[in-house]
Structure formats: C-alpha cells, structure tokens
Amino acid sequence: MRHTSYIEISRQAYRKNMDFLKSDIGPKTEISVVVKGNAYGHGIENIVALAEENGIKHFSTFSADEALRVHEASKSTSDVMVMGMLENEDLEEIIRKGISFYVFEFDRLEAAIIVSKKLLIKAKIHIEVETGFHRTGFEWDEKEALIQLLKENSSHLSLEGLCTHYAGAESISNYVRVRKQIKRYKKFKQWFDAQNIFFEKYHTACSAATLLYPETKMDLVRIGIASYGFWPTQETYMYRFQSLAENNKNPLKRLISWKSSIMNTKSVKMGEFIGYGSSYMAPRNMKIALVPIGYGHGYSRWLSNQGKVLISGKIVPVTGTVTMNSIAVDITDLGQVQKGDEVVIIGVQGDHEITVASFGESSQQVNYELLTRLPLDIPRRIVD
C-alpha cells in the first residue's frame, strides 16, 4: 500500500560528508554520530547502516529507547552512548548490553552501582560536568562527594568518559561564554587528574564546537547536524568559509529528499476562496493540485500561502491554508499536469531545488526542528 509521501536518503551525500568531516577533524579523534530525534528525521536504522559503511563505530543517542534501536541495527558491534533520558529501571538492560551512558546526578550513579553489583558487570559511564549550559552535569561543589563514590566503587564502574556540552558554540556572539566553558572543563579535568581519576575518553564537542573551536576536538567528537549535510548555523558556515578548499566551498551535502505525488487537480474560478477560511482568494481563473501532505506530516501551517514545491521541474506556490493532511498548490502556469505526477517537497527536480533552509525562511523553523518533526511512519529508503 502506497504512503502519501516518502523520504530518500542519499548514500553518496553521506559518504561525502563523512570524508570531509574525517579530513577536517583528523585521524586522532573518533567521531560519534549523533542519532537522536530519529537520526534528525533520517531514520536511526538507515543512518547506522550508512555510518558503519563509512567506518563509524560510535553512536550517541538522547534516550535509552534510541540506544536500543542502534544496538539492534548495528552490524559492527559499535559503541552506543546515551546522553540524556534513562530510567533507573532500564539500567539493567542497558548495562547487560554494554551500552554506555551519561551520569550527571547522584541518583543515577547510585542506581548504576547497585545494578552493577547485582549483575557483576561494570557499568560504562560518562561523567558529565556542569560548565555553563545549566541543564545537566555535576556542579563544582559536588566533586568531592562524586570522587568518593567513584573511588569506593571502582570495581563496578568503567569510566568511559569525562564530558560536557558547550552552550552557544554555534554563534560567534557566544565566544566569551564558550571560552569560559572550555576553561571550566579543563579545571574539572585537572582536578580529576590530581586525584588519580582518569577516563578512557575526554569529549566535549558537538558539530559547532568541532568546526569552530579546534581545541575541543579531544578523543571523541559528537557530530550531529553536520553529518546530515547541514552547517549548525549560517554563521558557522560564514566563519569557516575562508578555510574551505577553493574547489569545495560547499562540502556538506544534504542527504534527505522528501517526495509525494498529486492526488487530484481542480479548476477554480477567479474570486473563489481556496481551502479553509478566506486566506486565499483566486486572483484569476486557476488550476490547483492537491498534494497529500500537511501539518500532520511535519509540513508546518506557517507555510500556508508561503510554501513552495516542485512539479514538472517548476517551483509552484502553496495556495490557502496548510491542513492536517494536504496542501493545495497553483499549477495554472504549468503544462500538462495530472494525478500521480511527482511532487518534490525537499530536493531537486529539473534545474530547481527546494532546500531545508528554505523552510526556515518561510516557517520560522530551524533545520533541526523541520527534520525531527518528520513522522516516523513516513517510509524512508537509502538511494545511491
């Protein structure tokens, strides 16, 4: 049974992204591909397959359910790391499967120790420290109690990493704030070193920090949005532009294309309203096409009378209000158009392209938001 739309994921684009990132990061630093938010809307299983094809052996997730999906999808016994949500009752399964996880509070640490003792399996933990993001992480004044627990339970804990997350690394306006965070992390590291507590990996950098702050490229970097072919912000790209190779000023390639087809066509007379309400009155005799995607599929209502799609290689506008399951588009000036013709929502058709960034300009959504709002039930497939 056909779905109303489908998503294509480009193997070639992913390979180009990873080649650029590996070259930029260097051989001494491991890449952990971040697959939170259903791999930024691309599908966890798809991205695990593509990443492992490109030599990636480490994945970062937000939650335990995502980590289990990666674990099941992996064909290379890759390392999996949970950076966020993990219920204490799920620790047993996570520890049994060898999945590592962030510890940023005493409750989770104490629960992990209890489970480790029960299973006689070391819990693989990453200690997260607070450096200025103010969401998760051990505070500086908690360090003595923390190190006491780590030392007393060293036989039950595998210290996989010392980590933090930099707030605002994607914007040069946060330069001073990021510098302070880097300094605080180094202070934590020096203190642990002085206490003879050492970690397998030291990691702090997301895509933005990796691209803008070279000293944050430690043993591991956590690459999310950049691996999917997007700069964290336009500001990030502008900052790096001069350092990019002259023959490759756009090294990050979008993986995702989103396509549908025309459900039906209809003629509308001048002066008639199209769709719900009265937001669009036909300024002339028109022909419209109905496309079966709407805000229920992640196509924002902000795109009412503003969105664009590609049909017959031409850019055509959305007319009227975006509904839950459909949009109407103006095909008056196109040639022969009929039911079943391809509609490109994101991607290339003919000489034109609808980019993910164009949605941000029209709908006040950032790349991250649009991508992660694409429902799980839209079919996704890898194409060469």
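The values are calculated or read from the model by the stated rules, or taken from the named source; none is laboratory data. Because the structure is predicted, anything quoted here is derived from the model rather than measured. Backbone-built Cβ (ideal geometry, glycine too); neighbour counts: all protein chains shown. Just so you know, the surface numbers come from the protein's heavy atoms only, side chains and all, with ligands and any DNA or RNA stripped out. Shrake-Rupley method; radii C 1.70, N 1.55, O 1.52, S 1.80 Å.
Answer yes or no as to whether Ser326 is open to solvent by 10 Å² or more (accessible area, probe 1.4 Å), in contact (Cβ under 8 Å) with a residue 40 or more places away in the chain and in contact with an Asp or Glu (Cβ under 7 Å, 6 or more places away or on another chain).
Here the answer is no, as Ser326 does not meet what is asked.
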The lone condition Asn248 fails out of (1) more than 13 Å from the chain's Cα centre (by Cα); (2) closer than 17 Å to Ile172 by Cβ is (2)
Among residues of region 1-29 being in a helix (DSSP H, G or I) and open to solvent by less than 20 Å² (accessible area, probe 1.4 Å), the residue farthest from Thr204 (Cα to Cα) is Ala13
For region 61-76, pairs from a residue that is over 14 Å from Asn38 (Cβ atoms) to a residue that is hydrophobic (A, V, I, L, M, F, W, C) and surrounded by 17 or more Cβ atoms within 10 Å (Cβ to Cβ), with Cβ under 7 Å and 6 or more apart or across chains, are Ala64/Val82; Ala64/Leu86; Ala64/Ile94; His71/Val80; His71/Ile99; Ser74/Val48
If you go through Asp79, Asp90, the only one that is closer than 29 Å to Arg184 by Cα, at pLDDT 95 or above and open to solvent by 20 Å² or more (accessible area, probe 1.4 Å) is Asp79
Over region 235-274, the set of residues free of Cβ contacts under 8 Å to residues at least 24 places away in the same chain and open to solvent by 90 Å² or more (accessible area, probe 1.4 Å) is Met238, Gln242, Glu246, Asn247, Ser267, Lys269, Met270, Glu272
Of the candidates Ala39, Ala13, Ala49, the one satisfying the condition of being of a type in the set (A, V, I, L, M) and closer than 29 Å to Asp341 by Cα is Ala13
Sole miss for Ala167 among (1) part of a loop (DSSP other than H, G, I, E, B); (2) open to solvent by 50 Å² or more (accessible area, probe 1.4 Å); (3) free of Cβ contacts under 8 Å to residues at least 60 places away in the same chain is condition (2)
Query raised in the report: Within region 211-232, is there a residue that is free of Cβ contacts under 8 Å to residues at least 24 places away in the same chain and hydroxyl-bearing (Ser, Thr, Tyr)?
Result: no
Subset of region 10-28, residues of a type in the set (Gly, Ala, Ser) and farther than 12 Å from Val221 by Cα, comes to Ser10, Ala13, Ser23
Worksheet item: Quick check: is even one residue across region 87-107 farther than 25 Å from Ile223 by Cα, of a type outside the set (A, V, I, L, M) and free of Cβ contacts under 8 Å to residues at least 12 places away in the same chain?
Response: yes
Among residues of region 175-204 being more than 17 Å from Glu130 (Cβ to Cβ) and part of a helix (DSSP H, G or I), the residue least open to solvent (accessible area, probe 1.4 Å) is Asp193
Across region 1-51, the tally of residues that are in contact with a Phe, Trp or Tyr (Cβ under 9 Å, 6 or more places away or on another chain) and farther than 19 Å from Gly347 by Cα stands at 10
When region 332-351 is checked residue by residue, the ones that are open to solvent by less than 60 Å² (accessible area, probe 1.4 Å), among the aliphatic types (A, V, I, L, M) and outside any loop (DSSP other than H, G, I, E, B) are Val343, Val344, Ile345, Ile346
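Results for (1) open to solvent by 60 Å² or more (accessible area, probe 1.4 Å); (2) touching a residue at least 60 places away in the same chain (Cβ under 8 Å); (3) among the β-branched types (Val, Ile, Thr), shown as yes or no for each residue.
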position: Tyr276; (1), (2), (3): yes, no, no
position: Tyr280; (1), (2), (3): no, no, no
position: Met286; (1), (2), (3): no, no, no
position: Ile293; (1), (2), (3): no, yes, yes
position: Trp302; (1), (2), (3): yes, yes, no
position: Ile311; (1), (2), (3): no, no, yes
position: Val316; (1), (2), (3): no, no, yes
position: Thr321; (1), (2), (3): no, no, yes
The number of residues in region 112-136 that are open to solvent by 20 Å² or more (accessible area, probe 1.4 Å) and outside any loop (DSSP other than H, G, I, E, B) is 6
Taking region 30-62 and keeping residues aromatic (Phe, Trp, Tyr) and part of a helix (DSSP H, G or I) leaves Tyr40
